[in-house]
Amino acid sequence: MPEKILIIEDEKPISDILRYGLKKAGYDVYAAYRGAEGFQMLLEIRPDLLILDWMLPDIDGVDICRMVTEQVNVPIIMLTAKGSIDDKLAGLSAGADDYITKPFDLREVILRVQAILRRMDRVQKNAEEPEKYAGGVRLYRAEHRVASHGETVTLTPKEYELLIYLLDNPKRAFTRDQLLEHVWGYDYAGDTRTVDIHIQRLRKKLGLSDHLVTVYGVGYRYSPEGDGRQQQKEQ
């Protein structure tokens with residue numbers, strides 16, 4: 001079955017270009033031109049990926065991004081005409097997995113879509129591995145689910161991938177560039193602060209401040225035993 005992609009973009013010429021390119025690449029493509037309409041469509045069709053415009057006439061794209069990540073586990077690419085790194089980081093903080101700045105090259109969009117869907121496919125193929133435990137957190141790969149102290153915690157696809165990568169490589173320190181390369185992919189053009197934002201969100205959501213350790217001057221590592229010094233340095 002072809003993978004489904006939903007586009008929420010109010011500029012019809014841009015939406016039409018995206019639909020044409022993605023359909024030609026072999027995907028089932030759906031389109032909405034307003035935020036509320038698109039969000040309802042997303043809940044109905046459950047796409048494999050969402051392409052979301054930042055500026056919509058009824059609901060801000062960042063607000064929709066937050067709404068989506070609270071209810072649906074779907075990767076999100078944000079389209080934005082805003083070029084500042086702060087604007088892009090705001091979208092990533094809201095739960096987006098990637099962003100593309102307008103005007104864009106259609107070939108780049110298709111490559112970004114393919115890269116994200118390949119990574120999602122790899123995660124799903126690893127679903128037969130046994131659950132893992134980390135600082136009170138249980139990872140149920142077969143269910144694509146994470147729980148903290150018995151309560152299921154909603155993670156964005158990129159948070160989930162980053163958590164798995166760190167858990168699979170305990171005690172190993174990674175630079176931010178290495179994490180971008182392994183989790184986001186070679187073709188990701190974002191800032192390394194993206195990694196910091198995702199680590200902070202994982203610590204907050206899962207209570208892993210003592211296990212997702214900052215290696216000063218290097219990056220981050222997962223410590224199964226915990227590191228009490230981490231909490232002291234962050235206070």
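The values are calculated or read from the model by the stated rules, or taken from the named source; none is laboratory data. Note that the coordinates shown come from a computational prediction; the quantities given were computed from them, not determined experimentally. Because the Cβ atoms are built from the backbone with ideal geometry, glycine has one as well, and the counts that use them run over all protein chains shown.
Okay, here's what the table says:
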{"quantity": "Those residues of the stretch 45-56 which are surrounded by fewer than 21 Cβ atoms within 10 Å (Cβ to Cβ) and out of contact with any helix residue (DSSP H, G or I) (no Cβ under 8 Å at 6 or more places or on another chain), in sequence order", "calculated": "ILE45, ARG46"}
{"quantity": "Among residues of the stretch 63-84, those that are of a type in the set (A, V, I, L, M), surrounded by fewer than 20 Cβ atoms within 10 Å (Cβ to Cβ) and either under 13 Å from PHE39 (Cβ atoms) or touching a Cys at 6+ places or on another chain (Cβ under 7 Å) (or both), counted", "calculated": "2"}
{"quantity": "The stretch 1-40 - residue that is of a type in the set (Ser, Thr, Tyr) and over 21 Å from MET120 (Cβ atoms) and, of those, surrounded by the most Cβ atoms within 10 Å (Cβ to Cβ)", "calculated": "SER15"}
{"quantity": "Count of residues meeting criterion [aromatic (Phe, Trp, Tyr) and outside any helix (DSSP H, G or I)] in the stretch 136-160", "calculated": "1"}
{"quantity": "Residues of the stretch 146-174 satisfying the condition of being surrounded by fewer than 19 Cβ atoms within 10 Å (Cβ to Cβ) and within 20 Å of ALA94 (Cα to Cα)", "calculated": "THR152, VAL153, THR154"}
{"quantity": "Residue match in the stretch 18-36 (condition: touching a strand residue (DSSP E or B) at 6+ places or on another chain (Cβ under 8 Å) and closer than 26 Å to LYS205 by Cβ)", "calculated": "yes"}
{"quantity": "Total residues in the stretch 77-106, condition of a type in the set (D, E, K, R) and touching a residue at least 60 places away in the same chain (Cβ under 8 Å)", "calculated": "4"}
{"quantity": "Among the residues listed as ARG122, ARG138, ARG118, ARG112, the single one being at pLDDT 85 or above and exposed (fewer than 13 other Cβ atoms within 10 Å of the Cβ)", "calculated": "ARG118"}
{"quantity": "Whichever residue in the stretch 175-200 is among the polar types (S, T, N, Q) and either part of a loop (DSSP other than H, G, I, E, B) or in contact with a Leu (Cβ under 7 Å, 6 or more places away or on another chain) (or both) and, among such residues, is surrounded by the most Cβ atoms within 10 Å (Cβ to Cβ)", "calculated": "THR194"}
